[in-house]
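Any read-out appearing in this document is the output of simple, stated calculations on the displayed coordinates, not a laboratory observation. Note that the structure is predicted; figures quoted are calculated from it, not measured. Every residue, glycine among them, receives a Cβ derived from its backbone with ideal geometry; neighbour counts consider all protein chains shown.
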Amino acid sequence: MTEDSRIATLDAIAARHRDDPSRLVQILREIQEALSWIPPDGIDRLAERLHLPRARVEGVAGFYSFLRTDAPCRYRVLFSDNITDRMQGSQALMKSLCERLWVEPGRVSEDGLVRVDTTSCTGLCDQGPGLLVNGRAIPRATSERLDRVAELILQQQPLEQWPPELFAIDDNIRRADILLDNDSRPGDALRAAIARGAGLDAEAAANARSWREANVPAAPGPLATLEEIKRANLRGRGGAGFTTGLKWEACRNAPATPRYVVCNADEGEPGTFKDRVLLTRQADLVFEGMTVCAWAIGARHGLLYLRGEYRHLLEPLNEVLARRRAAGLLGANILGQAGFDFDIEIHLGAGAYVCGEESALIESLEGKRGIPRNRPPYPVTHGYLQKPTTVNNVETFCAAALIAQHGGDWYRAIGTAKSAGTKILSVSGDCARPGIYEYPFGVTVRQVLDDCGAGIGEYDTQAVQISGPSGVCIAADEFDRRIAFEDLATAGAFMVFDASRDMFEVARNFAHFFAHESCGFCTPCRVGTAMLKATMDKIAAGHGTQYDLAEIDKLDRVLHQSAHCGLGHTACNPTLDTLKRFRPTYERRLKSLDFEPAFDLDGALAAARRMTGRDDAGAHLSTEIQN
């Protein structure tokens, strides 16, 4: 492509986004898709068109792992490096593909055709190993399937012409409850919410096929809807568990306008894939919940932030939005209710785990690097574009829609006293039936293991990682604990490890994950996660000591006290949990010394000794000097 045609393509993309600096991430992502990279002259052109410093554009492009500014390549293949993918043989498969394509891992081939590398997690843990090709997800990688991928790449076949079966992703719903078994029609929850404020029976409103059939005059229903959400005791499903009704109320009471509704669909936690299934099977319910929220808080604009790994869902979700607009469920005067105006647009992420944190997500929505904000102020008063913003995740909005339709008392009767409703678990790892399981809160870990077929065969389950790397690892004597906010709170990941797995290597993989995904903003996290990774690698290499184990505990205290956001606060969790419960797997790797340096300085001088022909005692450093 010539320089003129590159610039013309870039100009067309920027113009489509109205040269809006707040849409910089979307512009860069589309340029990447069109040109296979973001060229230097493209950065210059964008800076000029968007009236931004060049350093700002380059800084944003360099922040997101899916955006490339170094060199173009026609095909970019990214293997998931999540621990469950490794357990299924992803490393050997990646090596085999590199050999087939004659390319070194992490480097563009000499002809500029292909690059093969790793990414943290593709959201395909139930059908791994997973990989992305130019952003398109391919599950169930096998030698035979990768031979086909290699053949298509070498033939330079456009991705649109690849066999559809390569991209076929299963939902793997193993147990459904009120969310996944939901059969509501689009608009049912909205009609019930509007009718509730008008005094109409909610069930009758839900059964009405349209607002006009319900024949109810306009009435102040938002407060009634808000009260139902509060009565239901719905708590956020992202893991932190903040009360949803209180969050919505705080946003509604914020004096500034306009207000915004944001759906966090950036489930980047390794081992989590429930949002992928909800957005595939229950997209209307997600958008319905967002619209119910808009009704309750008085918002006119909604944004769904979709993780970059779910690029394949973008067009289907936009089709659902179009159908809802045509049905009067989005846009102006929704369901004939004068003044009820609300619409939703989708923003696609570009590969940054930290954007799962709500303030980092808002920064990304504004076209910036996804760096978490200082809080307070909180998003409910100073969120998107510094306006009041309600941020909830996909599962929370689904639950809110059901509450609007059936009422808070109905929802609160499900689950436990402190944890109302159901929880969707993404089950992966060493089990016969990985996939999606929905349970009322209060289910035991043991029940989930029985249902998914864990512990069947030669090896018994020895550990479960609840809520991904940032969560908690529990051992077999804790399997009667319950999934609930009062016991094991979780965003949804449920990773199973049988007795054949080395829990040190599991924790080591998670340490590498945190080091890779640190945004680098604050020194404690940037340096601390790198130090943790180096320490785990040192132990793996057989140079660890008891001193190193003690240093991990000190490092955790520093990160808890001084890291900018939750990534740093939780980075040591997997290491400390496995140390507590599976200490022998660490100790058998340790030396008896109190301390051994990670870098062998005397060994590094070996080349100099060979050059000088010396190997006497004076040409070596003593152990005391090295220490």
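Cα axis of helix 24-35 to longest principal axis of the chain: angle in degrees, 0 to 90, nearest 10?
Helix 24-35 sits at roughly 70 degrees to that axis.
Taking a quarter of the surface of the convex hull around the Cα atoms of the stretch 504-587, what do you get in nm²?
So the mean shadow area of the Cα hull is 4.7 nm².
Using the structure shown, list the pairs from K274/K533; K387/K418; K247/K418; K368/K423; K247/K387; K554/K580 with a Cα-Cα distance above 21 Å, or answer none.
The pairs that break the limit, which is 21 Å between Cα atoms, are K274/K533; K387/K418; K368/K423.
I'd like the distance between the alpha-carbon centres of the stretch 104-148 and the stretch 418-479, rounded to an integer number of Å.
Using only Cα atoms, the two centres lie 28 Å from each other.
With unit charges on the beta carbon (Lys/Arg positive, Asp/Glu negative), name the residue among P139, I169, Q337 whose Cα is farthest towards the positive pole of the charge dipole of the chain.
Of the listed residues, the answer is Q337.
Taking a temperature of 37 °C and a viscosity of 0.692 mPa s, what whole-number D in µm²/s does Stokes-Einstein yield for the stretch 80-144 with Rh from Kirkwood over alpha carbon pairs?
After rounding, the answer is 275 µm²/s.
Sort H543, H560 by Cβ crowding within 10 Å, fewest neighbours at the top.
On the way: H543 18, H560 14.
Listed from fewest to most nearby Cβ atoms, that is H560, H543.
Please give the helix 546-562 orientation as an angle from the longest Cα principal axis of the chain, in degrees from 0 to 90, rounded to the nearest 10.
Its long axis makes an angle of about 30 degrees.
Once you have the alpha carbon radius of gyration of the chain, what is it after dividing by 2.2 N^0.38 Å, with N set to its residue count?
So the Cα radius of gyration is 1.02 times the expected 2.2 N^0.38 Å.
Fewest first, what order do S562, S5 take by the number of other Cβ atoms within 10 Å? Before the final figure, lay out the partial values.
Working: S562 14, S5 10.
With the sparsest Cβ surroundings first, the list reads S5, S562.
Among all stretches of the chain without exposed GluC sites (Glu not before Pro) (DSSP loop, at most 11 other Cβ atoms within 10 Å), which one is longest? Intermediate values should be presented prior to the final figure.
Working: sites that count: E110, E458.
Longest stretch, sites excluded: 111-457.
Which number do you get for Rg(Cα) / (2.2 N^0.38 Å) in the stretch 35-97?
1.55
Among V133, V57, V558, what is the fewest-to-most ranking by other Cβ atoms within 10 Å?
Fewest-to-most ranking of V133, V57, V558: V558, V133, V57.
For every helix of n ≥ 4 consecutive DSSP H residues, a contribution of -39,500 (n - 2.57) applies; sum these over the chain, divide by its total residues, and give [θ] at 222 nm rounded to the nearest 500 deg cm²/dmol. Please report the intermediate quantities before stating the final value.
Details: 28 runs with 270 residues, N = 627.
Result for the chain: -12500 deg cm²/dmol, rounded to the nearest 500.
When N counts the residues of the stretch 3-63, how does its alpha-carbon radius of gyration compare numerically with 2.2 N^0.38 Å, as a ratio?
Working: Rg = 9.9 Å, N = 61, 2.2 N^0.38 = 10.5 Å.
Here the Cα radius of gyration is 0.95 times the empirical estimate.
Please enumerate, by chain and number, the aspartates and glutamates with C-alpha under 12 Å from the C-alpha of K591, excluding those fewer than 8 residues away in the same chain.
D548
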